[in-house]
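The values are calculated or read from the model by the stated rules, or taken from the named source; none is laboratory data. Everything quoted here is computed from the prediction, not taken from an experiment. All Cβ positions, even for glycine, are placed from backbone atoms using ideal geometry, and neighbour counts span all protein chains on display. Side chains included, ligands, DNA and RNA excluded: accessible areas come from the protein's heavy atoms. Shrake-Rupley method; radii C 1.70, N 1.55, O 1.52, S 1.80 Å.
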Amino acid sequence: MSEISLDAPKLFDLAGNVALVTGAGSGIGQRIAIGLAQCGADVGLLDRRTDDGLAKTADLIEKAGRRSIQIAADVTSGAALDEAVARTEAELGPLTLALNAAGIANAHPAEEMEETQFQTMMDVNLKGVFLSCQAEARAMLRNGRGSIVNIASMSGVIVNRGLNQCHYNASKAGVIHMSKSMAMEWVGRGIRVNTISPGYTATPMNTRPEMVHQSRLFEEQTPMQRMAGVDEMVGPAVFLLSDAASFVTGVDLLVDGGFCCW
Ligand code: NAP
């Protein structure tokens with residue numbers, strides 16, 4: 001047997017990496033951005049929110065001893081994403097990691113849905129992830145390596161009982177298959193692309209007062225009998241982005257408390 005040179009904890013160390021996180025002003029993206037910094041990465045923080053969400057993320061990253069920049073931008077604009085990547089590289093260094101979490105959710109019966117509602121969902125959730133990956137991969141191809149994780153949803157795998165959201169479900173199924181396709185386009189050029197598909201997660205998307213009844217149903221329907229906390233998305237993201245997942249590409253990692261088993 002050859003000598004063991006493996007340093008397992010080091011596999012999860014993100015020191016020396018620069019990440020771009022979209023949707024970093026709230027919920028899952030915010031918590032993952034902080035987690036990446038705690039594992040050693042400097043982070044470009046992108047969101048369209050105009051409240052203090054990004055500033056809060058940046059503050060916690062500074063407390064973790066890492067650097068970040070705040071970028072107010074909309075993921076439906078390719079030019080804005082090119083600019084975001086350029087700024088991140090100019091101020092933090094060559095981009096090697098990306099986590100795309102910006103997204104929206106709403107519900108409406110399919111037979112009554114306005115074309116604009118369907119189109120907006122596709123523009124943000126599917127085209128937004130495409131444009132993000134495109135801008136990020138252009139830099140990573142130049143830099144010779146990179147790892148991208150897109151936040152999809154278990155709604156891209158199953159149809160949520162009682163939720164009329166065909167446009168959301170289709171956008172997330174699109175993110176999963178588009179990510180696999182990109183993984184194969186870039187597999188020989190040093191870039192890995194994977195998705196995380198969260199189950200019901202306690203974020204502002206799901207914890208609004210008008211969602212109390214719905215949230216209780218979400219908990220009952222989940223085999224683990226609860227929603228995920230945002231912290232529970234951090235480990236899967238660090239794993240997929242890090243060298244611990246160096247042979248993992250084109251995978252959709254369900255983080256759903258067992259939901260898709262039933
Ligand atoms: P969240 O708390 O609302 O965070 C999403 C962030 O993305 C918000 O700050 C939002 O800003 C921003 N955003 C939306 N559209 C954008 C755009 N066009 N350009 C730039 N930023 C934009 O929601 P979350 O629950 O953390 O969701 C994050 C991701 O996880 C989404 O892709 C969502 O579909 C997915 N997901 C969530 C759950 C769940 O149960 N929470 C389950 C499965 C998957 P605004 O507030 O202005 O919209």
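Kindly provide the trypsin sites (Lys or Arg not before Pro) of the stretch 180-236 that DSSP labels as loop, not H, G, I, E or B, and whose Cβ sees at most 16 other Cβ atoms within 10 Å.
Qualifying residues, ordered by number: 226.
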Multiply the residue separation of residue 108 and residue 52 by 0.36 nm, subtract the distance between their alpha-carbon atoms, and state the gained length in nm to one decimal. 17.2 nm
Given points 7 Å out from each Cα along the Cα-Cβ axis, report the residue 63 to residue 4 separation in nanometres with one decimal. 3.7
With the charge dipole of the stretch 14-254 built from beta-carbon charges (+1 for Lys and Arg, -1 for Asp and Glu) about the Cα centre, the Cα from 249, 211, 102 projecting farthest to the positive end belongs to 249
Report the semi-axes of the equivalent ellipsoid for the stretch 14-254 in whole Å, largest first, where each axis is √(5λ) for an eigenvalue λ of the Cα gyration tensor. 27, 19, 18
Say we join alpha carbon atoms closer than 10 Å with springs in a Gaussian network model of the chain; which of 143, 17, 125 then has the biggest fluctuation? 143
What percentage of the solvent-accessible surface of the stretch 14-254, computed with a 1.4 Å probe over protein heavy atoms, is contributed by carbon and sulfur atoms? 53
So which residue, out of 165, 221, 119, gets the largest mean-square fluctuation from a GNM of the chain using Cα contacts under 10 Å as springs? 119
Are there any GluC sites (Glu not before Pro) in the stretch 31-122 that are in a DSSP loop and have at most 11 other Cβ atoms within 10 Å? List them by number. 114
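What accessible area per residue comes out for the chain, rounded to a whole number of Å², with a 1.4 Å probe? Don't skip to the end; give the middle numbers.
Numbers: 12420 Å² over 262 residues.
In whole numbers, the chain has 47 Å² accessible per residue.
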So, with +1 on the Cβ of K and R and -1 on the Cβ of D and E, and no other charges, what is the size of the charge dipole of the chain about its Cα centre, to the nearest 20 debye? 360
Show me 144-150, 251-257 ranked by packing, highest mean number of other Cβ atoms within 10 Å first. 144-150, 251-257
For the stretch 24-67 and the stretch 76-113, what is the centre-to-centre distance using only Cα atoms, to the nearest Å? 15
